[in-house]
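A.B. asks: First, the structure itself, so that you have it in front of you.
Just so it is clear, none of the values below were taken in a lab; they were calculated from the coordinates. Note that the structure is a prediction, hence the values are computed from the model and not measured.
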C-alpha cells in the first residue's frame, strides 16, 4: 500500500465534509453527498473515507454483504465448492478518489483497507465483489486480479483466499 502514516481511513461521520468531494463521476459524487450516511445508519452499506492531513476526504468506499449465484462462478471454482445455490460474498459497491488527489495510489490504499476489513470480519465471505462503473474502473480492478463473473454483467470478483494470500 502506498499511503503515509498521516493519512487514515475511518468510518464516514458528521465531521467529514462531503460537499467538497468531487471524483468527477456524478453518480458517485451524488451518492457520497446525499446517500452514504443514510445507508450507513440503516446498515445497508458502510462507508469508509480516506482522510488526509488537514481533514480533507481524498476518497471513499462502501462495503455490504451480497451473494453470488453458484452458477455465475467459473466452472473451475464450482467444482471445488459445496453445492449451495448461492455463495456468500462482500460487495465493495463504490470506490472513488477525489480528482485533486489522483495519482497518489489512494485507490489502492482504499482497496487494500477494504480487503483488510473483510478479512477481519467475523462473517464468512467466499469472494470480494465489485461493480465497475466504467472501463477505467474495470481496468483498475483487472490490475488487482479481479475476474469477471461470466453471467453477471460488469460484476467482477476475487476470492478471499487470494486476498488472504496478499496479507500472509
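A.B. asks: Helix 106-120 versus the longest principal axis of the chain: what angle, 0 to 90°, nearest 10, using Cα atoms?
C.D. replies: It is inclined by approximately 50 degrees.
A.B. asks: OK, next. Which whole number in µm²/s is D for the chain by Stokes-Einstein, with the Kirkwood Rh taken over Cα pairs at 4 °C and 1.567 mPa s?
C.D. replies: Values: Rh = 16.6 Å.
It diffuses with D of about 78 µm²/s by this estimate.
A.B. asks: Which whole-number percent is the relative contact order of the range 8-166 (Cα, under 8 Å, 6+ apart)? Mind showing how you got there, number by number?
C.D. replies: Values: 243 pairs, mean separation 30.9, N = 159.
About 19 percent, as a whole number.
A.B. asks: Per DSSP H run of n ≥ 4, the term is -39500 (n - 2.57); total these for the chain, divide by its residue number, and report the mean residue ellipticity at 222 nm rounded to 500 deg cm²/dmol.
C.D. replies: Values: 6 runs with 50 residues, N = 168.
After summing the helix terms and dividing by residue count, I get -8000 deg cm²/dmol.
A.B. asks: Relative contact order of the range 1-94, please, whole-number percent, based on alpha carbon pairs below 8 angstrom and at least 6 residues apart.
C.D. replies: Details: 122 pairs, mean separation 23.9, N = 94.
About 25 percent, as a whole number.
A.B. asks: Let me ask something else. So how long is each side of the range 99-168 along the principal axes, counting just the alpha-carbon atoms, biggest first, in Å?
C.D. replies: Ordered largest first, the range 99-168 gives principal extents of 35, 31, 18 Å.
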